[in-house]
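Everything on this sheet refers to the single structure shown next.
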């Protein structure tokens, strides 16, 4: 799969030639989506498939290229299967090549094999976009809104902290970046030898997985996005030049995996594998910034990011620029439910999610950061403004680097929790706004005490037919029953165990205060289940209370219950309507009210089959 940046610039992966040369055009497919979410067409690289074989599959025992034949719809399809960069991070993962027109049929054939865990097209993801003496610092409103300037009195960062930037290329010779670009001390520059044994020769300043070389900056147009992102994270502060990054002192690791038209998942997963290998070799790589995405859900990418979680790497990702709810319209990798993933929406100056483009979702996009009209570095010692969730994510990555520099032993769980919950944003469409200062204060507390479970959690039926509930409880505190919590999550768990978020706005009141919520309905087509109310403190410690609820399946408030059964004629009885002319309609009184923009006790019916009211 491939990804595109979430700002103005986009990138496309160039590939090595093979026996089956993929068509340069990009085609569409319907991606996988999480249950209950709406699918969106996704692009993929024609002629390329990501296949994960079972551990005992014979095809994975060799280290070279294997040619096989698959049978689909009565004909043989020749397939070339090879290892690639992602094979080192996800066991059994291989890249398969076929003629472009056979791509989707080959995916189907692979998924029918008993030695295959899954196969998917090689989808494409896209890019999304102390007071220093830097002359243009006053134009950087993001460092004010996030209160980064308050942290600089305590720490300005550390070159010991490495932040990976998976993006387009980065201008490593930029006047405001060159002093903060990571150096691979395990490599001898220019000797043509893989000195550190990571499989890449002379990866002194990172790696380019698009062209498979160590030149991480190629083109001022294609690599402007990555250069801009890097400057937000770590443009050198207080050097009398240009701008100041969120983290003045940091080691930025350029990992190029996207080109002008996006990045193939095979290249992006290879980049994940590189980051993991560096982390495991002793490089203090704690944060990966990912300002790209797309509608396609890649299981290979999910597996690889899960490995990054095991390695203790925070995965900061842009939420997308379509101005829609990511719970209803998934964006990846931001929608992955993995403990190290933190998706970021974009705010305007002064606060509030930018309504013109930023994606949001309290349940899939927990954090928002500055993203509109952001000044940062551009290639060849220039500067400029970009807007996008691509710009919001690196504010979070820079803040995380600042916190790690001040508290190197902070855990991934506490760091992520403090970034999300230290500055609550009730009703904003996310859980919190980024505050580098509040995050720093939260992690310095060394807080391991969770809130108490919501006390006396109860539900009383209300509303027409009893399908609504009034929920009540006593507010817990930040630590047990002391202080004020930072957030609640309300979830409905149905009879099959599916967890359904309940969208609502909470008041955050001091411990011991009575709370109530009026008219919380059961989700449609659910007659019973459990409400779970979970309270969070400012570093993500949590505790929950739950209560079972139910209504009668034949209650008038649930006029229709969906069920599966054999086909049969439907007879409802009732009265003949005597509609025998063209485009006639009449008003029919219903045995229940319909609540759509009002409370309607009737319907207007037409002979042409339309429901007029």
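The values are calculated or read from the model by the stated rules, or taken from the named source; none is laboratory data. The structure presented is a predicted model; accordingly, all values stated were derived computationally and were not measured. Heads up, the Cβs are rebuilt from the backbone with ideal geometry, glycines too, and the neighbour counts pull from every protein chain shown.
With the condition kept exactly as written, say whether any residue in segment 146-157 is assigned to a strand (DSSP E or B) and either within 26 Å of residue 227 (Cβ to Cβ) or over 29 Å from the mean Cα position of the chain (by Cα) (or both).
Among the residues of segment 146-157, at least one is assigned to a strand (DSSP E or B) and either within 26 Å of residue 227 (Cβ to Cβ) or over 29 Å from the mean Cα position of the chain (by Cα) (or both), which makes the answer yes.
Tell me which strands (runs of 3 or more DSSP E) are completely within segment 63-122 and hold 2 or more residues being under 26 Å from residue 208 (Cα atoms) and in the same structural domain as residue 49 (by TED's automatic domain parsing), or say none if there are none.
Qualifying strands (runs of 3 or more DSSP E): 75-82, 93-97.
Return the only residue of 492, 536 being outside the structural domain of residue 362 (by TED's automatic domain parsing), in contact with a strand residue (DSSP E or B) (Cβ under 9 Å, 6 or more places away or on another chain), modelled with pLDDT of 85 or more and within 24 Å of residue 434 (Cα to Cα).
536
Taking into account only those residues within segment 452-472 that are farther than 16 Å from residue 528 by Cα and at pLDDT 75 or above, which is surrounded by the fewest Cβ atoms within 10 Å (Cβ to Cβ)?
456
How many residues, within segment 174-200, are part of a loop (DSSP other than H, G, I, E, B), out of contact with any strand residue (DSSP E or B) (no Cβ under 9 Å at 6 or more places or on another chain) and surrounded by fewer than 18 Cβ atoms within 10 Å (Cβ to Cβ)?
Total satisfying the criteria: 12.
Anything in segment 202-252 that is in a strand (DSSP E or B) and touching a strand residue (DSSP E or B) at 6+ places or on another chain (Cβ under 7 Å)? List them, or say none.
Of everything in segment 202-252, those that are in a strand (DSSP E or B) and touching a strand residue (DSSP E or B) at 6+ places or on another chain (Cβ under 7 Å) turn out to be 207, 208, 249, 250, 251, 252.
Restricting attention to segment 361-377, which residues are in a strand (DSSP E or B) and modelled with pLDDT under 95?
Answer for segment 361-377, where residues must be in a strand (DSSP E or B) and modelled with pLDDT under 95: just 361.
Got a sec? Which of 524, 471, 508 is over 27 Å from residue 343 (Cα atoms), outside the structural domain of residue 359 (by TED's automatic domain parsing) and in a loop (DSSP other than H, G, I, E, B)?
524
In the list 134, 224, which residue meets the criterion of being farther than 30 Å from residue 84 by Cβ and crowded, with 16+ Cβ neighbours inside 10 Å?
Testing whether each residue is farther than 30 Å from residue 84 by Cβ and crowded, with 16+ Cβ neighbours inside 10 Å leaves just 134.
Within segment 309-332, is even one residue in a helix (DSSP H, G or I), surrounded by 23 or more Cβ atoms within 10 Å (Cβ to Cβ) and in the same structural domain as residue 142 (by TED's automatic domain parsing)?
So far as segment 309-332 goes, no, none of its residues is in a helix (DSSP H, G or I), surrounded by 23 or more Cβ atoms within 10 Å (Cβ to Cβ) and in the same structural domain as residue 142 (by TED's automatic domain parsing).
Whether any residue in segment 392-400 is part of a loop (DSSP other than H, G, I, E, B), over 13 Å from the mean Cα position of the chain (by Cα) and closer than 11 Å to residue 345 by Cβ is what I want to check.
no
Tally time: how many residues in segment 274-289 are surrounded by fewer than 24 Cβ atoms within 10 Å (Cβ to Cβ) and assigned to a helix (DSSP H, G or I)?
Residues meeting the conditions: 4.
Pick from segment 26-62 the residues that are modelled with pLDDT of 90 or more and part of a loop (DSSP other than H, G, I, E, B): which of them is surrounded by the most Cβ atoms within 10 Å (Cβ to Cβ)?
57
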